[in-house]
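Since the structure comes first, as structure tokens, the remarks are kept for the end.
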Amino acid sequence: MEKDYIGNNMWSDEKIIDYLKNNLKPKRLKHVFGVVDSIDALALKYGIDRNKARLSALYHDILKENSANRLIEYIRENGEDPGELLHAGKVLHSQAGAIFARVEGGILDEDILNAIRYHTTGREEMSTLEKMLYLADVIEAGRDYEGVDRLRDLSMKDLDLAMLHALNSSLRFLEDRNDYILISSVRARNYYLMLTRKQML
């Protein structure tokens, strides 16, 4: 494992998994391992470091089962502002998880940390690893919703087009539930819309 993206006190896979087993319900734990498998396949396809991909997947939902209030407190304790995420409590774990991976887990690599941070919201100009984690989260084997098979297929062919379809699906889901839609997610969707349109010209 390259030394440039780990700290001296980096958690081993075993320590991360022990933490997950002690802090996540079995269904969530199964999901995390499903994401690990999905991102590994994507890493092989797109030539991304499999260790970095695995770490991002292991950490992505590590704080998922904490309350919104506790996550807000944790984010602020570590010098960050939840910002717009205050309106979308279900995704606070992404920002908090990135902080946890750095502060507790010893992860130094910004690409890994950003993948964790944006795995629920997306953003403009995502790195390949960021896109892979976002997609692995929504296509892992345990996911079963209309359009997931097409998204799995797209993810192995064109990450940008897959991101557009995944973001469209997410925004429709939030709209149907009358949930708050983050401006950053709308911008991400429009970014991938315009990017894929340009590629088709």
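The values are calculated or read from the model by the stated rules, or taken from the named source; none is laboratory data. Only a predicted model underlies this, so the values are computations on that prediction, with no experimental measurement involved. Here the Cβ is made from the backbone with ideal geometry for all residues, glycine too, and neighbour counts use every protein chain on show.
Summary table
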{"item": "Set Leu133, Leu159: member being out of contact with any Leu (no Cβ under 6 Å at 6 or more places or on another chain), surrounded by 23 or more Cβ atoms within 10 Å (Cβ to Cβ) and either touching a residue at least 60 places away in the same chain (Cβ under 8 Å) or at positive phi (or both)", "result": "Leu133"}
{"item": "Residue in the stretch 174-182 that is among the acidic types (Asp, Glu), touching a Ser or Thr at 6+ places or on another chain (Cβ under 6 Å) and either surrounded by fewer than 13 Cβ atoms within 10 Å (Cβ to Cβ) or farther than 22 Å from Lys90 by Cβ (or both) present", "result": "no"}
{"item": "Test: residue in the stretch 103-116 that is modelled with pLDDT of 95 or more, small (Gly, Ala, Ser) and surrounded by fewer than 20 Cβ atoms within 10 Å (Cβ to Cβ)", "result": "yes"}
{"item": "Selection status of Arg102, under 18 Å from the mean Cα position of the chain (by Cα) and under 24 Å from Ala162 (Cβ atoms)", "result": "no"}
{"item": "Meets criteria (in contact with a Gly (Cβ under 9 Å, 6 or more places away or on another chain), surrounded by fewer than 17 Cβ atoms within 10 Å (Cβ to Cβ), charged (D, E, K, R) and at pLDDT 95 or above) for Lys21", "result": "no"}
